[in-house]
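Accompanying notes for the structure given below.
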Amino acid sequence: MQPKPVSASEITMNQLMLPVHANALGNVHGGLIMKMVDETGAIAAMRHAGKACVTIAIDSMTFHSPVHIGELVCCRAYVTHVGRSSIEVEVKVHAENAITGNITHTNSAYVVYVAIDEQSRPSPVPGLLLLNAEEQQRDAEAKLRQQYRLAQAKTHRD
């Protein structure tokens, strides 16, 4: 399999937030944003893998500011690291007031997916072609997160 550049799987998804998306406080429900993060990340992972991918981990997701009804939620996802069958994707979320143009970063998350074959077993994925220092830095940081996740999983098994 030929390695693929980050740009081959990068995706941005946008959705206008309507009253149906509101929580009891009148802001956009955090669970909806989490779903959008997972869907956007999954598309980036599937584009990279060229096959179905399933979510195996979502790192901590902290909301820095609320999203309001009438704002456009923009989720941008790109692959940061790949293993044999795993793919880490960073998803950045911001809200845009389409009238004023004001943009607010609301949250970010790292989501890990595993590519699966037709029998739902882990399946190898192409390598990640790192083309610049920023991509190399993201990959190095992702390897540290991977080590942390593996250590946490081992702690919870013991």
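Structural remarks
- Residue match in the range 93-114 (condition: charged (D, E, K, R) and either crowded, with 20+ Cβ neighbours inside 10 Å or touching an Asp or Glu at 6+ places or on another chain (Cβ under 8 Å) (or both)): yes
- Only a single item in (1) at pLDDT 95 or above; (2) touching a strand residue (DSSP E or B) at 6+ places or on another chain (Cβ under 9 Å) is not met by K35, and it is number (2).
- Residue pairs whose Cβ atoms lie under 6 Å apart, sitting 6 or more positions apart in sequence or on different chains, and linking a residue in the range 28-51 that is touching a residue at least 60 places away in the same chain (Cβ under 8 Å) and in a helix (DSSP H, G or I) to a partner that is among the aromatic types (F, W, Y) and surrounded by 17 or more Cβ atoms within 10 Å (Cβ to Cβ), are A45/Y113.
- Cβ pairs under 6 Å, 6+ apart, first in the range 87-104 and part of a loop (DSSP other than H, G, I, E, B), second surrounded by 15 or more Cβ atoms within 10 Å (Cβ to Cβ): N97/E71; A98/L72
- Residues of the range 3-27 that are assigned to a strand (DSSP E or B), touching a strand residue (DSSP E or B) at 6+ places or on another chain (Cβ under 6 Å) and either closer than 15 Å to K92 by Cα or among the aliphatic types (A, V, I, L, M) (or both): I11, T12, M13, N14, Q15, L16.
The values are calculated or read from the model by the stated rules, or taken from the named source; none is laboratory data. Note that the structure is a prediction, hence the values are computed from the model and not measured. Heads up, the Cβs are rebuilt from the backbone with ideal geometry, glycines too, and the neighbour counts pull from every protein chain shown.
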